[in-house]
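The values are calculated or read from the model by the stated rules, or taken from the named source; none is laboratory data. Since the structure is predicted, the reported quantities are computational estimates derived from the model, not experimental observations. Cβ placement follows ideal geometry from the backbone for every residue including glycine, while neighbour counts extend to all protein chains displayed. Ligands, DNA and RNA are stripped out before the accessible areas are found, and what is left, the full protein with its side chains, is counted by its heavy atoms. Shrake-Rupley method; radii C 1.70, N 1.55, O 1.52, S 1.80 Å.
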Amino acid sequence: MHADPRSVARHVEDAEHQAMPHRLYTLVFPFDQAQARVLLGMKKRGFGRNKLNGFGGKVEPSETIAQGAQRELAEESGLTATKIEQCGLLLFYFEDSPVAMEVHVYAVREFSGHAVETEEMRPQWFGMHDMPFNQMWADDERWWPYMLKAQKFVGRFWFKADQATITREELRPVESLDF
């Protein structure tokens, strides 16, 4: 796997982790500000099955990361983002995988359409301050406060092979995600 020129991981990683192959992903959270809620999806298949999460997935070679985020949101929820903003960068390292996951996190505060269940996700609204963290990835609870404050952030998380146990983490606010 060759280095993807769209990757920004080299700006936040040490040399050891920069040498790892990376795959680009997106993670999108639609917000209904008027009702103080966020749309999550129950993953029905594949990686992260039976977990609630934002919407997202792999970035295709022909698209920008933001385009990938918009496409994944539409495919997995039926919503079309009309205002999308990158809020975070997360890097994940799993002890049983030689490939790092570089996840670009977005907030969508304006959208059109209605959330619908798809083959991959079952959408459900939750209060922004009442998140079901016990049904989500272990790292979500750590960086979610940054999302609520609209504070940009960078995080790195190391997981055991069980994909539930965090063995190491680094998380910090940043002024910008323009690297």
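When you scan segment 164-177, do you find a residue that is farther than 18 Å from Tyr93 by Cα, part of a helix (DSSP H, G or I), under 17 Å from the mean Cα position of the chain (by Cα) and without any contact (Cβ under 8 Å) to a residue 40 or more places away in the chain, even just one? No, segment 164-177 has no match at all. Selection of segment 74-103 for residues being among the charged types (D, E, K, R), under 14 Å from the mean Cα position of the chain (by Cα) and farther than 13 Å from Leu177 by Cβ yields only Glu76.
Residue-by-condition table, conditions (1) modelled with pLDDT of 95 or more; (2) closer than 23 Å to Val38 by Cα:
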{"position": "Pro98", "(1), (2)": "no, no"}
{"position": "Met101", "(1), (2)": "yes, no"}
{"position": "Ala115", "(1), (2)": "yes, yes"}
{"position": "Pro123", "(1), (2)": "yes, yes"}
{"position": "Gly155", "(1), (2)": "yes, yes"}
{"position": "Trp158", "(1), (2)": "yes, no"}
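Do the conditions hold for Arg45, that is, is it modelled with pLDDT of 95 or more and open to solvent by 40 Å² or more (accessible area, probe 1.4 Å)? No: the conditions fail for Arg45.
Restricting attention to segment 48-67 and to residues that are open to solvent by 20 Å² or more (accessible area, probe 1.4 Å) and more than 12 Å from Thr26 (Cβ to Cβ), the residue that is nearest to the chain's Cα centre (by Cα) turns out to be Lys51.
The residues of segment 84-108 that are charged (D, E, K, R) and touching a helix residue (DSSP H, G or I) at 6+ places or on another chain (Cβ under 6 Å) amount to a single one, Glu102. If a residue must be without any contact (Cβ under 8 Å) to a residue 40 or more places away in the chain and not in a loop (DSSP other than H, G, I, E, B), how many such residues does segment 144-163 contain? So the answer is 3.
Residues in segment 5-17 that are within 19 Å of the chain's Cα centre (by Cα) and in contact (Cβ under 8 Å) with a residue 24 or more places away in the chain were compared, and the one that is farthest from Phe157 (Cα to Cα) is Arg6. Just checking, does segment 68-77 include any residue being open to solvent by less than 50 Å² (accessible area, probe 1.4 Å) and at pLDDT below 95? No, segment 68-77 has no match at all.
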